[in-house]
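Here is the structure we will look at.
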Amino acid sequence: ALAENLEEMGQRLDDEHAELDLSAISDGLRIAFDERGSFAPGSATVPIELARSLDELARIFQAYDHLIVIEGHTDGAFQPTPRYPSAEALSMARAE
């Protein structure tokens, strides 16, 4: 039902929001965002378009009684920094 009703429930599809890609997986629903939802290299600062989409999703998800797992990822070109000495540290910061 979530996949079918997301736009109706408030998820906007415009230039100010990161577009969603919904796909069914074995234990639920995977939600990914387009390039506007991507972090800058080496950064865990949430892009404004992603923040808008996440705010709307948070309001929508309040109507559902399900476990939500959030994952953060890096790309293959990760470079360690003092703030993020490992890919895992950056991934965790992005998920948080």
**Report entry** Pairs, first without any contact (Cβ under 8 Å) to a residue 12 or more places away in the chain in the range 69-82, second surrounded by 10 or more Cβ atoms within 10 Å (Cβ to Cβ) and not β-branched (Val, Ile, Thr), C-beta under 8 Å, six or more apart
**Finding:** Pro80/Ser86
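Taking the range 18-44, which residues are touching a Gly at 6+ places or on another chain (Cβ under 9 Å), farther than 16 Å from Asp75 by Cβ and open to solvent by less than 50 Å² (accessible area, probe 1.4 Å)?
Ala18, Leu20
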Requested in this report: Determine whether the range 73-87 contains at least one residue that is open to solvent by 90 Å² or more (accessible area, probe 1.4 Å), part of a loop (DSSP other than H, G, I, E, B), within 19 Å of Glu19 (Cα to Cα) and at pLDDT below 90.
Outcome: yes
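Just need a number here: residues in the range 18-46 that are in contact with a strand residue (DSSP E or B) (Cβ under 9 Å, 6 or more places away or on another chain) and not in a strand (DSSP E or B). Before you say what the answer is, go through the steps one by one.
Pass one, the range 18-46, residues in contact with a strand residue (DSSP E or B) (Cβ under 9 Å, 6 or more places away or on another chain): 18-24, 29-34, 37.
Among the residues that remain, those that are also not in a strand (DSSP E or B) are: 18-19, 34, 37.
Of the residues in that region, 4 qualify.
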Query raised in the report: Of the residues Leu29, Leu54, which single one is modelled with pLDDT under 85 and not charged (D, E, K, R)?
Result: Leu29
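The values are calculated or read from the model by the stated rules, or taken from the named source; none is laboratory data. What you see is a predicted model, and the numbers here were worked out from it, not measured in a lab. Backbone-built Cβ (ideal geometry, glycine too); neighbour counts: all protein chains shown. SASA here: full protein model, heavy atoms, side chains in, ligands and nucleic acids out. Shrake-Rupley method; radii C 1.70, N 1.55, O 1.52, S 1.80 Å.
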